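Structure, as C-alpha coordinates:
The values are calculated or read from the model by the stated rules, or taken from the named source; none is laboratory data. Quick caveat: nothing in here was measured; it's all calculated off a predicted structure. Backbone-built Cβ (ideal geometry, glycine too); neighbour counts: all protein chains shown. Each accessible area value is taken on the protein alone, full model and side chains, heavy atoms only, with ligands, DNA and RNA left out. Shrake-Rupley method; radii C 1.70, N 1.55, O 1.52, S 1.80 Å.
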Amino acid sequence: MNRFEIKEDFYLDGEKIKIISGGIHYFRVVPEYWRDRLEKIKALGCNTIETYVAWNVHEQKKGEFCFEGIADLGRFLALVQELGLWAIVRPSPYICAEWEFGGLPAWLLAEDGMRLRSSYEPYINHIRDYYKKLFEVLAPLQVTKGGPILMFQIENEYGAYGEDSTYLESLKQIMEDNGVTVPFITSDGPWGDYLSCGKVEGVLQSGNFGSKAKEQFTILKKHIGDKPLMCREFWVGWFDAWGDKHHTEPPEKHAKEINDILELGNVNIYMAEGGTNFGFMNGANYYDRLTPDVTSYDYDALLTEDGQITEKYKAFQEVISRFRKIPQVELTTRIGRTSYGEVPVKEKVGLFEALDSIAVPEEHFYPQPMEKLGQAYGYILYRSELVRDKEI
(Lines give C-alpha, C1' and ligand atoms only; values in the text may rest on other atoms or scores of the structure.)
Protein backbone atom coordinates (compact mmCIF):
# COMPACT_ATOMS: atom_id res chain seq x y z
CA MET A 1 0.00 0.00 0.00
CA ASN A 2 1.34 3.42 -1.01
CA ARG A 3 0.65 7.04 -0.16
CA PHE A 4 0.39 9.76 -2.79
CA GLU A 5 0.40 13.41 -1.71
CA ILE A 6 0.23 16.80 -3.38
CA LYS A 7 2.32 19.42 -1.57
CA GLU A 8 4.68 21.86 -3.30
CA ASP A 9 5.41 18.84 -5.46
CA PHE A 10 4.07 15.34 -6.01
CA TYR A 11 5.15 12.81 -3.39
CA LEU A 12 4.86 9.03 -3.46
CA ASP A 13 5.59 7.44 -0.08
CA GLY A 14 7.40 10.58 1.00
CA GLU A 15 9.65 10.75 -2.09
CA LYS A 16 9.26 13.31 -4.86
CA ILE A 17 7.97 11.89 -8.12
CA LYS A 18 7.96 13.58 -11.52
CA ILE A 19 4.88 12.37 -13.34
CA ILE A 20 5.49 11.59 -17.00
CA SER A 21 2.22 10.20 -18.23
CA GLY A 22 1.02 8.83 -21.55
CA GLY A 23 -2.60 9.23 -22.55
CA ILE A 24 -4.45 6.22 -23.99
CA HIS A 25 -8.19 5.48 -23.96
CA TYR A 26 -8.95 1.81 -23.30
CA PHE A 27 -12.23 2.13 -25.24
CA ARG A 28 -10.36 3.19 -28.39
CA VAL A 29 -8.05 0.15 -28.47
CA VAL A 30 -9.19 -3.47 -28.67
CA PRO A 31 -8.26 -5.40 -25.48
CA GLU A 32 -5.99 -7.75 -27.44
CA TYR A 33 -3.64 -4.79 -28.01
CA TRP A 34 -3.80 -3.13 -24.58
CA ARG A 35 -0.61 -4.80 -23.37
CA ASP A 36 1.30 -3.89 -26.52
CA ARG A 37 0.36 -0.22 -26.29
CA LEU A 38 1.10 -0.03 -22.56
CA GLU A 39 4.48 -1.71 -22.99
CA LYS A 40 5.39 0.81 -25.69
CA ILE A 41 4.30 3.75 -23.56
CA LYS A 42 6.42 2.41 -20.71
CA ALA A 43 9.37 1.98 -23.11
CA LEU A 44 8.90 5.62 -24.09
CA GLY A 45 9.90 6.52 -20.53
CA CYS A 46 6.48 7.16 -19.01
CA ASN A 47 5.84 6.10 -15.43
CA THR A 48 2.08 6.77 -15.53
CA ILE A 49 -0.89 6.03 -17.78
CA GLU A 50 -3.83 8.43 -18.13
CA THR A 51 -7.30 7.54 -19.37
CA TYR A 52 -10.77 8.97 -19.56
CA VAL A 53 -13.76 6.85 -18.56
CA ALA A 54 -16.62 7.06 -21.08
CA TRP A 55 -20.02 6.83 -19.35
CA ASN A 56 -21.76 5.85 -22.59
CA VAL A 57 -19.46 2.85 -22.92
CA HIS A 58 -20.45 1.49 -19.51
CA GLU A 59 -24.16 2.39 -19.28
CA GLN A 60 -25.60 2.42 -22.77
CA LYS A 61 -29.07 1.91 -21.31
CA LYS A 62 -30.16 3.29 -17.95
CA GLY A 63 -29.37 0.79 -15.21
CA GLU A 64 -27.64 -1.71 -17.52
CA PHE A 65 -23.90 -1.66 -16.83
CA CYS A 66 -21.09 -3.23 -18.82
CA PHE A 67 -17.51 -3.75 -17.64
CA GLU A 68 -16.51 -6.53 -20.01
CA GLY A 69 -14.53 -6.74 -23.25
CA ILE A 70 -13.40 -3.32 -24.43
CA ALA A 71 -15.26 -1.87 -21.40
CA ASP A 72 -13.24 -3.95 -18.91
CA LEU A 73 -11.66 -0.97 -17.18
CA GLY A 74 -10.56 -3.10 -14.23
CA ARG A 75 -8.57 -5.41 -16.49
CA PHE A 76 -6.98 -2.44 -18.27
CA LEU A 77 -5.83 -0.92 -14.96
CA ALA A 78 -4.62 -4.31 -13.74
CA LEU A 79 -2.34 -4.43 -16.80
CA VAL A 80 -1.13 -0.92 -15.98
CA GLN A 81 -0.16 -2.09 -12.51
CA GLU A 82 1.34 -5.37 -13.74
CA LEU A 83 3.72 -3.34 -15.91
CA GLY A 84 4.81 -1.26 -12.92
CA LEU A 85 3.01 1.89 -14.00
CA TRP A 86 0.79 4.34 -12.13
CA ALA A 87 -2.54 5.69 -13.36
CA ILE A 88 -4.47 8.96 -13.57
CA VAL A 89 -8.16 8.29 -14.13
CA ARG A 90 -10.64 10.85 -15.43
CA PRO A 91 -14.16 9.54 -14.68
CA SER A 92 -15.91 12.82 -15.38
CA PRO A 93 -19.48 12.32 -16.57
CA TYR A 94 -18.49 14.56 -19.50
CA ILE A 95 -15.09 13.85 -21.05
CA CYS A 96 -15.14 15.69 -24.41
CA ALA A 97 -12.29 13.61 -25.96
CA GLU A 98 -13.85 14.03 -29.42
CA TRP A 99 -16.07 11.13 -28.35
CA GLU A 100 -19.80 10.83 -29.04
CA PHE A 101 -21.75 13.28 -26.82
CA GLY A 102 -18.59 13.79 -24.76
CA GLY A 103 -19.15 10.39 -23.17
CA LEU A 104 -22.62 11.23 -21.85
CA PRO A 105 -25.19 8.48 -22.51
CA ALA A 106 -27.79 9.36 -25.12
CA TRP A 107 -30.69 8.28 -22.90
CA LEU A 108 -30.22 11.42 -20.81
CA LEU A 109 -31.78 13.35 -23.70
CA ALA A 110 -34.95 11.31 -23.51
CA GLU A 111 -35.89 13.14 -20.31
CA ASP A 112 -37.77 16.39 -20.79
CA GLY A 113 -36.07 19.33 -19.10
CA MET A 114 -32.72 17.58 -18.66
CA ARG A 115 -29.91 20.02 -17.82
CA LEU A 116 -26.49 18.53 -18.41
CA ARG A 117 -23.22 19.42 -16.66
CA SER A 118 -25.04 21.26 -13.90
CA SER A 119 -26.40 20.81 -10.40
CA TYR A 120 -29.82 19.91 -11.84
CA GLU A 121 -30.91 17.22 -9.40
CA PRO A 122 -32.20 14.57 -11.88
CA TYR A 123 -28.86 14.74 -13.71
CA ILE A 124 -26.94 14.47 -10.42
CA ASN A 125 -29.04 11.46 -9.40
CA HIS A 126 -28.10 9.65 -12.62
CA ILE A 127 -24.44 10.34 -11.84
CA ARG A 128 -24.92 8.93 -8.35
CA ASP A 129 -26.32 5.71 -9.79
CA TYR A 130 -23.49 5.46 -12.32
CA TYR A 131 -20.69 6.28 -9.89
CA LYS A 132 -21.97 3.72 -7.40
CA LYS A 133 -21.27 0.99 -9.98
CA LEU A 134 -18.17 2.59 -11.51
CA PHE A 135 -16.35 3.01 -8.21
CA GLU A 136 -16.98 -0.59 -7.27
CA VAL A 137 -14.34 -1.11 -9.98
CA LEU A 138 -12.15 1.96 -9.35
CA ALA A 139 -12.08 2.44 -5.57
CA PRO A 140 -10.17 -0.82 -4.83
CA LEU A 141 -7.57 0.18 -7.45
CA GLN A 142 -6.43 3.37 -5.70
CA VAL A 143 -2.83 3.61 -4.59
CA THR A 144 -4.09 3.81 -1.00
CA LYS A 145 -5.59 0.33 -1.50
CA GLY A 146 -2.53 -1.15 -3.16
CA GLY A 147 -3.60 -0.27 -6.71
CA PRO A 148 -2.11 1.98 -9.41
CA ILE A 149 -4.47 5.01 -9.34
CA LEU A 150 -2.79 8.19 -8.05
CA MET A 151 -5.46 10.80 -8.82
CA PHE A 152 -9.00 11.30 -10.10
CA GLN A 153 -10.13 14.23 -12.22
CA ILE A 154 -13.31 16.21 -11.49
CA GLU A 155 -15.25 17.03 -14.69
CA ASN A 156 -13.27 18.12 -17.77
CA GLU A 157 -12.39 21.62 -18.96
CA TYR A 158 -15.48 22.81 -17.15
CA GLY A 159 -14.23 26.40 -17.00
CA ALA A 160 -14.77 26.63 -20.76
CA TYR A 161 -18.40 25.60 -20.28
CA GLY A 162 -19.88 27.00 -17.09
CA GLU A 163 -19.33 28.14 -13.52
CA ASP A 164 -21.71 25.97 -11.48
CA SER A 165 -19.43 25.38 -8.51
CA THR A 166 -22.18 23.46 -6.71
CA TYR A 167 -22.09 20.90 -9.52
CA LEU A 168 -18.32 20.46 -9.26
CA GLU A 169 -18.49 20.12 -5.48
CA SER A 170 -21.25 17.52 -5.89
CA LEU A 171 -19.07 15.41 -8.19
CA LYS A 172 -16.25 15.52 -5.66
CA GLN A 173 -18.58 14.58 -2.81
CA ILE A 174 -20.16 11.69 -4.74
CA MET A 175 -16.72 10.25 -5.46
CA GLU A 176 -15.73 10.56 -1.82
CA ASP A 177 -19.00 8.89 -0.82
CA ASN A 178 -17.98 5.99 -3.06
CA GLY A 179 -14.62 5.48 -1.42
CA VAL A 180 -12.18 7.88 -3.11
CA THR A 181 -9.24 8.65 -0.83
CA VAL A 182 -6.58 9.78 -3.33
CA PRO A 183 -6.20 13.44 -4.40
CA PHE A 184 -8.43 15.15 -6.95
CA ILE A 185 -7.45 17.35 -9.89
CA THR A 186 -9.17 19.56 -12.45
CA SER A 187 -7.96 20.50 -15.93
CA ASP A 188 -8.68 23.62 -17.96
CA GLY A 189 -7.01 25.68 -20.61
CA PRO A 190 -4.98 28.53 -19.03
CA TRP A 191 -6.87 31.23 -20.92
CA GLY A 192 -9.39 33.89 -19.98
CA ASP A 193 -11.48 32.88 -16.97
CA TYR A 194 -11.35 29.13 -17.64
CA LEU A 195 -9.20 28.40 -14.58
CA SER A 196 -11.34 30.59 -12.34
CA CYS A 197 -14.63 29.04 -13.50
CA GLY A 198 -13.36 25.45 -13.33
CA LYS A 199 -11.88 25.72 -9.85
CA VAL A 200 -12.83 23.44 -6.95
CA GLU A 201 -11.72 24.45 -3.47
CA GLY A 202 -8.80 22.36 -2.22
CA VAL A 203 -8.31 20.61 -5.59
CA LEU A 204 -5.15 20.94 -7.69
CA GLN A 205 -5.67 22.72 -11.00
CA SER A 206 -3.75 21.66 -14.10
CA GLY A 207 -3.52 23.06 -17.62
CA ASN A 208 -4.26 21.78 -21.12
CA PHE A 209 -2.21 23.18 -24.00
CA GLY A 210 -0.02 22.23 -26.93
CA SER A 211 2.49 25.06 -27.18
CA LYS A 212 4.14 27.98 -25.35
CA ALA A 213 4.67 25.83 -22.25
CA LYS A 214 6.64 28.42 -20.26
CA GLU A 215 4.00 31.08 -20.88
CA GLN A 216 1.12 28.73 -20.00
CA PHE A 217 2.80 27.56 -16.81
CA THR A 218 3.38 31.16 -15.76
CA ILE A 219 -0.37 31.77 -15.98
CA LEU A 220 -1.17 28.52 -14.18
CA LYS A 221 1.31 29.39 -11.40
CA LYS A 222 -0.61 32.58 -10.64
CA HIS A 223 -3.70 30.49 -9.94
CA ILE A 224 -2.23 27.59 -7.95
CA GLY A 225 0.64 29.23 -6.06
CA ASP A 226 3.09 26.84 -4.39
CA LYS A 227 1.71 23.67 -5.94
CA PRO A 228 3.14 21.35 -8.60
CA LEU A 229 2.72 22.41 -12.21
CA MET A 230 1.24 19.89 -14.60
CA CYS A 231 0.17 19.97 -18.21
CA ARG A 232 -2.75 17.59 -18.00
CA GLU A 233 -3.10 17.42 -21.79
CA PHE A 234 0.01 18.21 -23.77
CA TRP A 235 -1.47 18.16 -27.27
CA VAL A 236 1.10 16.56 -29.58
CA GLY A 237 -1.23 16.52 -32.58
CA TRP A 238 -4.89 17.02 -33.37
CA PHE A 239 -7.99 15.15 -34.44
CA ASP A 240 -9.30 14.97 -38.01
CA ALA A 241 -12.73 15.90 -39.35
CA TRP A 242 -14.45 14.66 -42.48
CA GLY A 243 -13.50 16.85 -45.43
CA ASP A 244 -10.38 18.22 -43.74
CA LYS A 245 -6.76 17.19 -44.18
CA HIS A 246 -4.95 14.83 -41.82
CA HIS A 247 -3.33 16.90 -39.08
CA THR A 248 0.37 16.39 -38.44
CA GLU A 249 2.89 18.25 -36.32
CA PRO A 250 6.71 18.17 -36.66
CA PRO A 251 8.40 16.06 -33.96
CA GLU A 252 11.06 18.67 -33.16
CA LYS A 253 8.44 21.30 -32.32
CA HIS A 254 6.81 19.22 -29.60
CA ALA A 255 10.09 17.72 -28.41
CA LYS A 256 11.26 21.20 -27.47
CA GLU A 257 7.98 21.94 -25.71
CA ILE A 258 7.97 18.76 -23.64
CA ASN A 259 11.52 19.53 -22.58
CA ASP A 260 10.34 22.92 -21.30
CA ILE A 261 7.39 21.28 -19.52
CA LEU A 262 9.56 18.67 -17.77
CA GLU A 263 12.07 21.30 -16.68
CA LEU A 264 9.24 23.13 -14.92
CA GLY A 265 6.84 20.39 -13.89
CA ASN A 266 4.91 17.31 -14.94
CA VAL A 267 3.11 16.13 -18.06
CA ASN A 268 0.48 13.91 -19.56
CA ILE A 269 1.10 13.36 -23.28
CA TYR A 270 -2.18 13.66 -25.18
CA MET A 271 -2.13 11.36 -27.00
CA ALA A 272 0.58 8.76 -26.57
CA GLU A 273 -1.75 6.41 -28.46
CA GLY A 274 -4.86 7.70 -30.17
CA GLY A 275 -6.73 4.64 -31.37
CA THR A 276 -10.08 4.34 -33.11
CA ASN A 277 -13.59 5.80 -32.80
CA PHE A 278 -15.45 2.52 -33.18
CA GLY A 279 -19.02 2.35 -34.46
CA PHE A 280 -20.85 5.67 -34.24
CA MET A 281 -18.72 6.92 -31.35
CA ASN A 282 -16.89 9.70 -33.18
CA GLY A 283 -17.73 13.15 -31.86
CA ALA A 284 -18.17 16.42 -33.72
CA ASN A 285 -17.52 20.13 -33.27
CA TYR A 286 -19.72 22.99 -34.40
CA TYR A 287 -18.26 26.47 -34.60
CA ASP A 288 -18.80 28.16 -37.96
CA ARG A 289 -19.73 24.78 -39.45
CA LEU A 290 -20.34 21.18 -38.39
CA THR A 291 -17.11 19.15 -38.40
CA PRO A 292 -17.76 15.48 -37.55
CA ASP A 293 -14.64 13.55 -36.58
CA VAL A 294 -13.43 10.65 -38.70
CA THR A 295 -13.31 7.05 -37.49
CA SER A 296 -9.57 7.21 -36.92
CA TYR A 297 -8.35 8.93 -33.76
CA ASP A 298 -4.73 8.69 -34.87
CA TYR A 299 -4.21 12.25 -33.55
CA ASP A 300 -0.67 12.25 -34.99
CA ALA A 301 0.15 10.64 -31.64
CA LEU A 302 3.48 9.08 -30.66
CA LEU A 303 2.07 5.68 -31.61
CA THR A 304 -0.01 5.39 -34.76
CA GLU A 305 -3.62 4.22 -34.71
CA ASP A 306 -2.36 0.63 -35.13
CA GLY A 307 0.42 1.01 -32.58
CA GLN A 308 3.47 1.68 -34.75
CA ILE A 309 6.38 3.63 -33.23
CA THR A 310 6.88 7.02 -34.91
CA GLU A 311 9.73 9.50 -35.27
CA LYS A 312 7.87 11.69 -32.79
CA TYR A 313 7.96 8.81 -30.29
CA LYS A 314 11.74 8.55 -30.69
CA ALA A 315 12.20 12.31 -30.29
CA PHE A 316 10.13 12.30 -27.09
CA GLN A 317 11.98 9.29 -25.76
CA GLU A 318 15.29 11.13 -26.15
CA VAL A 319 13.94 14.15 -24.24
CA ILE A 320 12.44 12.02 -21.47
CA SER A 321 15.82 10.23 -21.06
CA ARG A 322 17.21 13.54 -19.78
CA PHE A 323 14.83 13.39 -16.81
CA ARG A 324 14.63 9.70 -15.95
CA LYS A 325 16.23 6.44 -16.97
CA ILE A 326 14.41 4.77 -19.86
CA PRO A 327 13.42 1.24 -18.80
CA GLN A 328 14.19 -1.80 -20.90
CA VAL A 329 10.84 -3.25 -21.96
CA GLU A 330 10.28 -6.47 -23.85
CA LEU A 331 7.46 -6.07 -26.36
CA THR A 332 5.51 -9.29 -25.96
CA THR A 333 2.66 -8.90 -28.49
CA ARG A 334 3.21 -9.76 -32.13
CA ILE A 335 1.67 -7.01 -34.25
CA GLY A 336 1.28 -7.67 -37.96
CA ARG A 337 -0.01 -5.59 -40.82
CA THR A 338 -1.84 -7.12 -43.76
CA SER A 339 -3.54 -6.08 -46.95
CA TYR A 340 -7.08 -7.24 -47.55
CA GLY A 341 -6.77 -6.74 -51.29
CA GLU A 342 -9.86 -6.31 -53.42
CA VAL A 343 -13.24 -7.39 -52.10
CA PRO A 344 -15.68 -7.76 -55.00
CA VAL A 345 -19.30 -6.74 -54.49
CA LYS A 346 -21.49 -9.60 -55.72
CA GLU A 347 -24.92 -8.62 -54.47
CA LYS A 348 -26.76 -5.54 -53.34
CA VAL A 349 -30.09 -4.58 -51.84
CA GLY A 350 -31.88 -1.26 -51.70
CA LEU A 351 -32.58 0.41 -48.37
CA PHE A 352 -36.28 0.87 -48.99
CA GLU A 353 -36.68 -2.75 -50.11
CA ALA A 354 -35.03 -3.98 -46.89
CA LEU A 355 -36.84 -1.74 -44.38
CA ASP A 356 -39.21 -4.43 -43.12
CA SER A 357 -36.26 -6.72 -42.41
CA ILE A 358 -34.06 -4.26 -40.56
CA ALA A 359 -36.43 -1.95 -38.69
CA VAL A 360 -39.76 -1.72 -36.88
CA PRO A 361 -41.96 1.25 -37.84
CA GLU A 362 -43.56 3.59 -35.31
CA GLU A 363 -46.28 6.12 -35.97
CA HIS A 364 -46.45 9.57 -34.38
CA PHE A 365 -48.23 12.80 -35.19
CA TYR A 366 -44.93 14.69 -35.26
CA PRO A 367 -41.24 13.72 -35.60
CA GLN A 368 -39.60 12.29 -32.49
CA PRO A 369 -35.88 12.57 -31.70
CA MET A 370 -34.20 9.17 -31.69
CA GLU A 371 -33.50 9.30 -27.95
CA LYS A 372 -37.26 9.41 -27.29
CA LEU A 373 -37.56 6.22 -29.32
CA GLY A 374 -34.89 4.43 -27.30
CA GLN A 375 -32.25 4.69 -30.03
CA ALA A 376 -28.85 6.13 -29.22
CA TYR A 377 -26.89 5.98 -32.48
CA GLY A 378 -27.30 5.35 -36.19
CA TYR A 379 -30.09 6.54 -38.42
CA ILE A 380 -33.85 6.96 -38.46
CA LEU A 381 -35.90 7.24 -41.63
CA TYR A 382 -38.69 9.79 -41.23
CA ARG A 383 -41.54 9.46 -43.72
CA SER A 384 -44.90 11.16 -44.11
CA GLU A 385 -47.64 11.00 -46.71
CA LEU A 386 -48.94 14.37 -47.87
CA VAL A 387 -52.45 14.14 -49.28
CA ARG A 388 -53.84 17.01 -51.42
CA ASP A 389 -57.48 17.90 -50.77
CA LYS A 390 -59.76 17.28 -53.71
CA GLU A 391 -60.87 20.41 -55.49
CA ILE A 392 -64.43 21.44 -54.66
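Need the full-extension length gain, Glu82 to Lys348, defined as separation in residues times 0.36 nm minus the C-alpha distance. One decimal, nm.
Using 0.36 nm per residue and subtracting the Cα-Cα distance, I get 90.9 nm.
Hey, got the Cα dimensions of region 13-102 along the principal axes, in Å, largest first?
43, 26, 24
On the first, second and third principal axes, largest extent first, how far apart are the outermost C-alpha atoms of the chain in Å?
If we take the Cα atoms of the chain, the spans are 89, 54, 39 Å.
For the chain, with only Lys/Arg (+1) and Asp/Glu (-1) charged at the beta-carbon, what is the dipole magnitude about the Cα centre, in debye rounded to 20?
1120 debye
Which entries in the list Lys133/Lys372; Lys42/Lys133; Lys133/Lys312 go over 28 Å, if you measure between the two C-alpha atoms of each?
With Cα atoms farther than 28 Å apart: Lys42/Lys133; Lys133/Lys312.
Given charges of +1 on the Cβ of Lys and Arg and -1 on the Cβ of Asp and Glu, with all other atoms neutral, how large is the dipole of region 97-246 about its Cα centre, in debye to the nearest 20?
For this selection, approximately 600 debye.
Given the peptides 69-81, 284-296, arrange them by the average over their residues of other C-beta atoms within 10 Å, most packed first.
Descending packing order for the listed peptides: 69-81, 284-296.
Once you have the Cα-Cα distance between Leu290 and Glu215, take 0.36 nm times their residue separation minus that, and quote the gain in nm to one decimal.
Here the answer is 23.8 nm.
Angle, helix 311-320 long axis vs. longest principal axis of the chain, Cα atoms, 0 to 90°, nearest 10?
Helix 311-320 and the main axis of the chain meet at about 30 degrees.
Pop the C-beta distance of Lys256 and Ser321 into the FRET formula with R0 = 22 Å and round what comes out to the nearest 0.05.
0.90
Rounded to a whole number, what % of the accessible area of the chain do carbon and sulfur atoms account for, probe 1.4 Å?
50 percent
So which of Lys61/Lys132; Lys172/Lys214; Lys18/Lys253; Lys16/Lys172 end up more than 19 Å apart by C-alpha?
From Lys61/Lys132; Lys172/Lys214; Lys18/Lys253; Lys16/Lys172, over 19 Å: Lys172/Lys214; Lys18/Lys253; Lys16/Lys172.
Can you pull the one-decimal nm distance between simple spin-label points at Glu68 and Asn125, each 7 Å off the Cα toward Cβ?
Calculated label separation equals 3.0 nm.
Compare Glu215, Glu257, Glu39 in a GNM of the chain, Cα atoms joined below 10 Å, and give the one with the largest fluctuation.
Glu215
GNM on the chain, C-alpha springs below 10 Å: top fluctuator among Gln317, Gln368, Gln60?
Gln368
For the pair Gln328 and Glu8, how long in nm is the line joining their label points, each one 7 Å along Cα→Cβ?
3.8 nm
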